[in-house]
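**Student:** So that we are looking at the same thing, I have put the structure below in structure tokens.
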Amino acid sequence: MRLFIAICLSEEMQKALVTCMHDLKKQGVEGNYVPARNLHMTLAFIGEYDDPGKIKEIIRNVPVPQCRLALSEKGNFGNILWAGVKGNQKLKTYVKDLRTALKEGGIPFGNDKFVPHITLIRKTSAKKPYQVHLPKAEMTLKKVSLMKSEMKNGKVIYREM
């Protein structure tokens, strides 16, 4: 099964991002928009792995710091447009500790540099310049989740395990 560890977003954060994506659509920005139910912040991408219990145990053993997360700047990785999340040092330290625990547990994961962000559009293209208007939104980090990525009726669905 295809797994990743993520922060599920608050309703306020989701609504703000959906508003931003509607605005981008109105401006003619094309691409594969992430459905509202799939919006999240990935902390560690694991990929194909068959022992979710082992990962859940690691998540339980690395204490999640309570901290505020707020939407900040926008950015992109190639043709992926994302909303930045202004976290704080607690979040970055937590991700470092979580990834260290995964490594020590022998669980393979994508060890790319952690950039706190939420993907909005994949394979984006715009025929003219556009503005990204990110509404103000904040949430308190209380937990992280092990997520499963599945195909249902030709669509990718992320499900909390």
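The values are calculated or read from the model by the stated rules, or taken from the named source; none is laboratory data. Quantities reported herein were computed from a predicted structural model and do not represent experimental measurements. Please note: Cβ atoms are built from the backbone with ideal geometry, for glycine as well, and neighbour counts cover all protein chains shown. Side chains included, ligands, DNA and RNA excluded: accessible areas come from the protein's heavy atoms. Shrake-Rupley method; radii C 1.70, N 1.55, O 1.52, S 1.80 Å.
**Student:** Beyond 22 Å, what share of the Cα-Cα pairs of the stretch 58-161 remains, rounded to the nearest whole percent? Numbers along the way, then the final one.
**Tutor:** On the way: 2446 of 5356 pairs.
Summing the P(r) of the stretch 58-161 above 22 Å gives 46 percent of all pairs.
**Student:** Could you give me the radius of gyration and the Dmax of the stretch 1-125, taking only the C-alpha atoms into account and expressing both in angstrom?
**Tutor:** 15.4, 47
**Student:** Skip the ligands, DNA and RNA, and give the accessible area per residue of the stretch 1-51 with a 1.4 Å probe, whole Å².
**Tutor:** On the way: 2410 Å² over 51 residues.
Averaged over the residues of the stretch 1-51, the accessible area is 47 Å².
**Student:** May I pose another question? Averaged per residue, what accessible area in Å² does the stretch 70-161 show with a 1.4 Å probe, protein chains only? The partial results should precede the final answer.
**Tutor:** On the way: 5590 Å² over 92 residues.
With all protein chains present, the stretch 70-161 gives 61 Å² per residue.
**Student:** Okay, moving on. With all protein chains present, how much of the accessible area of the stretch 1-79 (probe radius 1.4 Å) comes from carbon and sulfur, to the nearest whole percent? Each step should come with its number before you reach the end.
**Tutor:** Values: 2030 of 4100 Å².
Looking at the stretch 1-79 in its full context, I get 50 percent from C and S.
**Student:** Can you tell which of Asn76, Tyr94, Pro52 lies farthest toward the positive end of the dipole of the stretch 19-127, using +1 and -1 charges on the Cβ of basic and acidic side chains (Lys, Arg; Asp, Glu)?
**Tutor:** Farthest along the dipole direction, towards plus: Asn76.
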